[in-house]
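Presented below is the structure to which this report refers.
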Amino acid sequence: MSLFRPHPLRSTLSALFLGTIAGAAFAQAPAMSVGDLTIKHKIGQLQQSNTDAKTLAEIPEDLKAAIRASRVGSILNVGSPEVANELQRIAMTESEARIPLIFARDVIHGYRTIMPTPLGQAASWNAELVQAGARVAAVEASSMGIRWTFAPMIDISRDSRWGRITESFGEDPYLTSVMTVASVRGYQGDSLKDPTSIAATAKHFVGYGAAEGGRDYNVTYIPEPLLHNVYLPPFKAAVDAGVATIMTAFNELNGVPASAHDYAINTVLRGEFGFKGVIVSDWDSVLELVYHGYAEDKKQAALQALKAGMDIEMVSTTMQENLTALLDGGQVTEAELNAKVARILDLKHQLGLFEQPYTKGDPAKSILTPEHKKLSEELALESLVLLKNEKRTLPLAKNVKVALIGPLAHAAHDQLGSWVLDAKKQDSVTVLDAFRQAVGEDKLFYSQALYSSRSRDTKDFAQALEQANKADVIVFVGGEEAVLSGEAHSRADTRLPGAQEQLIRELKKTGKPLVVVVMAGRPLALNDVIDEMDALVMAWHPGTMGGPAIVRLLRGDAEPVGRLPVTWPKVTGQMPIYYNHPSSGRPASEGNFTQMDDFPLEAFQHSTGHKNHYIDIGFKPQFPFGYGLSYSSVQYSDIKLSKTAIGVDGELKVSAKITNTGSRPVTETAQLYIRDLVASSVRPVRELKSYQRLTLKPRESKRVTFTLRGEDLAYYNQKVEYVVEPGEFHVWIAPNAEEGLRADFIVR
Ligand code: NOJ
């Protein structure tokens, strides 16, 4: 039996949305409304153009002409406030329609002060810090005249071959939604009118992260219930948080390119979610409808995108070129055009651009301030995940001699990661810089060993080993350079590139304890070398202040708190891999499968146990979602439920005692998972529903309590109805997706 229920967040959405967006826009008489514009000027608002001009001399004449003729409504990538102000001057004083331009840019994880990559930020599980990081980015970017960022990227990604996983918040819909809200709030502040606020963009709508084989821009097939249960929730959260704009994706989704996806945009985003903001295409993605073979020419592409709900076309000009004819031919009505223009003007009003079109920011006072750098360091610190720590190799003893080895130990550019258009590598503090500060030169022995993370040239290994032999402990910093992840940088083999595995083996042969710090855009397949490592820290690409954060953690001046926002595979061939997979009819478990090395010769086919696993790598990931160690030890005990049965509208409390059994302080992330045991669709083996971070002094215990509501158990069934199905549920309070304490309850 199932019970249809309205989406629980819908009423919150309406309240929030009306309060923040529509309310702000319509509360006062607009300085310019659609009715004041000619058809040509309306069409102009739908065009977003690109220029990289940094100086007035670099501004292309044809762009100036387009602005004068009011044929462009927004511009991305303007290279300086002077250029922004000059283009705006043309729009406000020389153009036909006198409508301010919006200047947009990809400010993805910081403008000049770079925070860890979004995947790293998600590893902090610290929404307040993530929000503060986005605020810093907004303050810096707005001081340069940028009032619109194309972030956050909230594509769920379950395959780290995909290079853009680094830009995402990982594989989980709940954690991604939490981070989405934090980041939208950070960028947009309390009001978009505040000159330090910038409009956020939730992207890419929708399913882009499900690219088949992890190959960027690849096809995606996502059945509708899965779309609703996994890929859409972060967009719903973004809409509820008042995100100003949403960007459509490049991918084809179930046969229809996302930028012309009538169902996804009109039915779900506009209809079900009630999104009233601006929809922008991705770069050329309207034109690409032709390349997909979905439109026969640019005119049809324009028509498809317009009908599917597109408001602004980024860079390509199919709508601009064809809209007059489409209006004349009656395929698009003026009322449809007016609705789009009204949304765009509304955004400009919300940003206060009619009153204050020019940037008056003071970059010198806003950019790279000590507070911003401090925040970058704190966020980097909380993003670090301690994955392995044999025999308490970490933290390092204070007077220990350190051999610092590896291609990313002093890689000012690469520690910044992907999408850092405005960063400068001279701002970065590297691991080497930070170690030099922390320990005397007589205790530090450095060797880069490899020219780059990709290098196969082993000529410097001898010198690296010499350095290693002088020290008490080796800290190897390697992984992937920034350019090995990000857009169009997918990898088919996600092991450490170049000769790094070989170097790690050589270093281990010295007999010294080996600490490995990985900087990378994705979890790397470390199966072949993980046994060589005494300790392992995942640092993602930690940003401007990555060095001090890492050194504080390694030396025990700070505690490790990060947790994986993504399941970490042993080998590339395990992907896609994610903890919240539906239950198999033949689930594998410890002891019921056979590794291929153990097959007797000429064994029978059934010798594997016929379970859901690989004969060469088993069924487990290297590290589960939610995993991360601390320098102390933590025990979960005494799980309690306030009730063992609730109605579909009911709620219960789940609590457990969490004890710091060690001698160092701990920040523990207690995670609440559920499983719906029998349902009308096969349900995931676990699903994250909430989490709490709690700090515990040595030997301190605290009881963590979660409220679980009937609506938290709802999901979209085969008929795409949002239902809570009565029956038996498991609930866990857990340190990660594989462990934890379980209790059971019933929904009646
Ligand atoms: C293409 C990327 O897919 C998108 O994320 C980005 O915002 C635009 N280019 C603009 O640079």
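Every number here is computed from the coordinates shown, using simple stated rules; none is lab data. Given the structure is predicted, the values throughout are model-derived calculations rather than measurements. Positions of Cβ are generated from backbone atoms using ideal geometry, with glycine treated the same way; all protein chains shown enter the neighbour counts.
Here are a few things to note about the model shown:
- Across the range 454-465, rounded Karplus estimates of 3J(HN,Hα) from the backbone phi angles (6.51 cos²θ - 1.76 cosθ + 1.60, θ = phi - 60°) give 8, 5, 10, 7, 9, 4, 8, 4, 4, 5, 5, 5 Hz, Gly and Pro being marked x.
- Each peptide in 606-619, 147-160 receives the mean, over its residues, of other Cβ atoms within 10 Å, and ordering these scores from highest gives 147-160, 606-619.
- Total lysine pairs in the range 290-376 at Cα distances under 16 Å, for residues eight or more apart or on different chains: 6.
- Once the Cα atoms are used to define both axes, helix 334-350 deviates from the longest principal axis of the chain by about 60 degrees.
- In percent, rounded to a whole number, the relative contact order of the chain is 14, using alpha-carbon pairs under 8 Å and six or more apart.
- Rounded if a/c under 1.5, otherwise prolate or oblate - the range 42-363, Cα gyration tensor axes: oblate
- Among 113, 317, a tally of other beta-carbon atoms within 10 Å of each Cβ gives an order, fewest to most, of 317, 113.
- Using the Cβ-Cβ distance between residue 212 and residue 598 with R0 set to 30 Å, the FRET efficiency from 1/(1 + (r/R0)^6) comes to roughly 0.35.
- The HN-Hα couplings worked out from phi for the range 598-615 by the Karplus form 6.51 cos²θ - 1.76 cosθ + 1.60 (θ = phi - 60°) are 8, 5, x, 4, 6, 5, 6, 3, 7, 5, 8, x, 6, 10, 7, 7, 9, 6 Hz, whole numbers, x standing for Gly and Pro.
- Estimated from the Cβ-Cβ distance and a Förster radius of 22 angstrom, the FRET efficiency linking residue 33 and residue 335 is about 0.95.
- Here the relative contact order of the range 410-484, from alpha carbon pairs under 8 Å that lie six or more residues apart, stands at 35 percent.
- Mean separation of Cα contacts under 8 Å, 6 or more apart, over the residue count of the range 699-748: relative contact order %: 26
- Inverse mean reciprocal Cα-Cα distance (Kirkwood Rh) of the chain, Å: 27.1
- Note on residue 54 and residue 454: the model spin-label points, each 7 Å out from Cα along the C-beta direction, lie 2.4 nm apart.
- Sparse packing (at most 14 other Cβ atoms within 10 Å of the Cβ) combined with a DSSP loop state is found for the following GluC sites (Glu not before Pro) in the range 256-341: 296.
- Computed [θ] at 222 nm, helices only, for the chain once each DSSP H run of length n ≥ 4 contributes -39500 (n - 2.57): -7000 deg cm²/dmol
- Modelled label reach - residue 663, point 7 Å along Cα→Cβ, the range 394-417 residues with backbone N closer than 11 Å: none
- Fraction of beta bridges assigned by DSSP in the range 191-321 that are antiparallel (%, nearest 5): 20
- Ranking of 269, 629 by count of other Cβ atoms within 10 Å, fewest first: 629, 269
- In this structure the amide hydrogen of residue 690, modeled in the peptide plane, comes within under 5 Å of the amide hydrogens of 672, none closer than 5 places in sequence on its chain.
- Alpha-carbon centroids, the range 176-198 and the range 50-96: separation in whole Å: 26
- For residue 664, the residues whose modelled amide H falls within less than 5 Å of its own, excluding neighbours fewer than 5 places apart on the same chain, are 633.
- Distant-in-sequence amide H partners of residue 404 (H built 1.01 Å from N, under 5 Å): 445, 446, 447, 475
- Efficiency of FRET between residue 509 and residue 557 - r from beta-carbon atoms, R0 35 angstrom, step 0.05: 0.70
- Extension gain, residue 720 to residue 64: 0.36 nm times the residue separation minus the Cα-Cα distance gives 231.3 nm.
- Taking 20 Å as the cut-off, the amide N atoms of the range 56-87 that come nearer than this to a point 7 Å along the Cα-to-beta-carbon line of residue 324 belong to 62-74.
- Here the spin labels are modelled as points 7 Å beyond Cα on the Cα-Cβ line, and at residue 589 and residue 530 they lie 2.2 nm apart.
- For 414, 598, the sequence from fewest to most other C-beta atoms within 10 Å is 598, 414.
- Backbone geometry of the range 732-748 corresponds, through the Karplus equation with coefficients 6.51, -1.76 and 1.60 at θ = phi - 60°, to 3J(HN,Hα) couplings of 10, 10, 9, x, 6, 6, 9, 10, x, 9, 10, 9, 10, 8, 10, 9, 9 Hz, x marking Gly and Pro.
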